[in-house]
Amino acid sequence: MNWQWRWAALKNGFQDATAYRIEFFFEVFGSAVTPAIIQIMLWYALFQVGGASQVAGLSYNELIHYTLVSTLFTQVRGGNNDFELSEMIRSGALSNYLLRPVGVVEFTYIRGVAPKIFIAGLCLVVGIALSFFLGLNPTRILGAMGLAMVGNIIHYQLGAILATAAFHWEEAYSVLMVKNMLVAFLSGELIPLTFFPEKWAWIWKSTPFYLYVFGPTQYALGKWTDAEFFHQVLLSGLWLIGFSILVRVSWALSIRRYQSLGG
Amino acid sequence: MNSPNSHLVSNEPIISVRDVKRVFRSIKKAEGLKGSLQLLYKPQYSEHQALKGFSFDIKAGEFVGLIGANGAGKTTLLKILAGLIPPSSGTATVLGEKPFDRSLSFRKKIALVMGQKAQLWWDLPAVDAFDLLRAIYAIDQTVYRERLNTLAKLLDVTRLLNTQIRRLSLGERMKMELIGAILHWPSIIFLDEPTIGLDVLAAHNLREFLRTFNERERATIILTSHNMDDIEQLCPRILIIRNGELIYDGDPKTLTNRGQCVLKVRLMEKPTNEELAAVCSLNLSQISRPNGGKVPGADLPEGTTDGAAHVEKDDDDEFSEMAAAQELIYFNIERTQVAHILQPLLAKYRLIDMGIDEQTLESVIQRIYEQSPQTAVGASS
Ligand SMILES: Nc1ncnc2c1ncn2[C@@H]1O[C@H](COP(=O)(O)OP(=O)(O)O)[C@@H](O)[C@H]1O
Ligand SMILES: [Mg+2]
């Protein structure tokens, strides 16, 4: 394992993401605050205006806590590195990376994830501060953030697999968009997945998406035992391994169709 | 290894190409909305054969120029040799490997520079990109400093290293791209129109650098360029590609044969080549008519050029109309023969106009392009 280039790529990606500092912070701030406000308004409407006392077994306070804590992990999930891959395949920019002695899929991820790691650090600090107000265990926040980061990798791996559609159809944009919509719904960032009726719970349980936001939030809020958490960490490890094999296979199968346009 | 042995090894071809063909298949879209709809339910494919069977060898340390009109297949060939795309059939071997396998050691030893393609990150200054490349290739810090210094000084961009790439001019950016492409001191460099956008001095400096790099590091360099100065000054060997076919492989000097020139004439009469050969006492092979004589001679004086035959002109006296309609005749002769040929020619025929073309590489190449019009390019359904 050569750590030198990985570290350099991380540094480079961070410099690139923060080249326009003001914009960077506005983006982070805006993407955190807007969905949180929408959710809190929704809970307010249900409970204070609508007069409900519980929704899917959760009280008003519990839902507010869910929103506050899950917002931290929502910041960490995702990224558009998979869109970037697809665009590079379409435009031929991939050629610049294919000839460098690094794996293009990994390289793109490491460069792209740099600002996310920074954001994860920020969210961790905020989360630990928050844990004192909400009476949560700070070490659980730390573990939950770790799981969220693993979720970030899984999310990219799936994106990288789907992006190979661009080798065949020139575009993978719509495929990736559909995936992102599913993720928004099934990761638990819009609503707690406990809102799902019991007989449909298998839907979210059979994807890795709940590991991005819902899982970390459950652990941070103390809804998962440590044993349950380690079980989920193990599961995420299996997703990680399975997807990394699929990434290799899908790229090896598709790269022959690469057109390398331009030049 | 003993020195005689290493000499032997270096005589082995470092690049070996055998009957390489490449076909591109693309979806054909008819015009307008109807075409878009048709694309959905019945996509039509068109195939284009970009390379039609190439074979050649290149030895370590050679400097080879690749010449061809737009769309001839130069970039396609470089992409195959660099390992970006596989050949449709045939085999290419570079550094003893199949380029398309792109093994780690292979990638560390080659570089591909594309003039029209940005490789660096636009929002960062060049030094940041170079530093990342240093880490990627695990280049020693002191060696890296030295190389960067040399390259930046040579291309005169030292003061721009800390400027965001997006703020640089086209030529300055090109220079940065070049530095980024060769920082790892590759043993094979593929250059696709590297002097595009460079000023005269920078192009000169780049040529000097490539020459030195080729000589001192024994790097193998393949270069495509439309600038014949690049080719003439650097390449003892050229490959000429026309419509995906390799039509010349050899020394450019053989093509430009010093002392040779082309006498171009247009006559009122219409003598056959045989008659002309007899009158001027030349070999039949020395007389030619470009493209059956139908192409207007681009090098002749104004008034008779640019398809004047089809254009209504203001001063449409009979003579110029007639002149434009006449065939252009090329005499491939020695410079010293010009007078000997003109005398009998003028005695027997009425001359409309004439011109002499020096045998520059440029003119030779131009004539080669003219010999087969590019109308054949396109779909071969
Ligand atoms: N991906 C592609 N799909 C279809 N046609 C292509 C593709 N790439 C190149 N071609 C065609 O192949 C021919 C050779 O292209 P290229 O090698 O780029 O020419 P050049 O000699 O100008 O570098 C051109 O006619 C070009 O239009
Ligand atoms: Mg080209």
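General observations
- For chain A, a Gaussian network of Cα nodes joined below 10 Å ranks A:V213, A:V33, A:V150 by mean-square fluctuation, and the top entry is A:V33.
- Relative frequency of Cα-Cα separations exceeding 20 Å in the stretch A:119-213, percent: 50
- Relative contact order (%) - criterion: Cα under 8 Å, at least six apart; region: the stretch A:2-255: 25
- DSSP H segments from chain A that extend 18 Å or more along their own axis, Cα-based, with Kyte-Doolittle mean of 1.0 or above: A:21-44, A:104-134, A:138-163, A:173-186, A:226-254
- Cα principal axis extents for the stretch A:1-146, largest first, Å: 62, 34, 30
- The orientation-averaged shadow of the Cα convex hull for the stretch A:2-255, equal to a quarter of the hull surface, comes to 15.0 nm².
- Cβ-defined net charge surrounding A:R90, 10 Å radius [Lys, Arg +1; Asp, Glu -1]: -3
- GNM flexibility winner over chain A from A:S59, A:S95, A:S174 (Cα, springs under 10 Å): A:S174
- Fraction of beta bridges assigned by DSSP in the protein assembly as shown that are antiparallel (%, nearest 5): 70
- Cβ-based net charge around A:S31, under 15 Å, with every Lys or Arg adding one and every Asp or Glu removing one: -1
- Within a Gaussian network of chain A (alpha carbon springs, distance under 10 Å), most fluctuating of A:F209, A:F133, A:F195: A:F133
- Residue-averaged beta-carbon neighbours from other chains (10 angstrom radius) around B:67-80: 1
- Fully extended contour minus Cα-Cα distance, from A:I153 to A:F230, at 0.36 nm per residue: 25.9 nm
- Share, in percent, of DSSP beta bridges within the stretch B:59-256 that are antiparallel, nearest 5: 25
- Global form of the protein assembly as shown, assessed from the alpha-carbon gyration tensor, a/c cut-off 1.5: prolate
Since every read-out is calculated from the coordinates, none of them should be taken as a lab result. Just so you know, these numbers come straight off a predicted model, no measurement behind them. With ideal geometry, Cβ positions are generated from the backbone for all residues, glycine too; neighbour counts draw on all protein chains shown.
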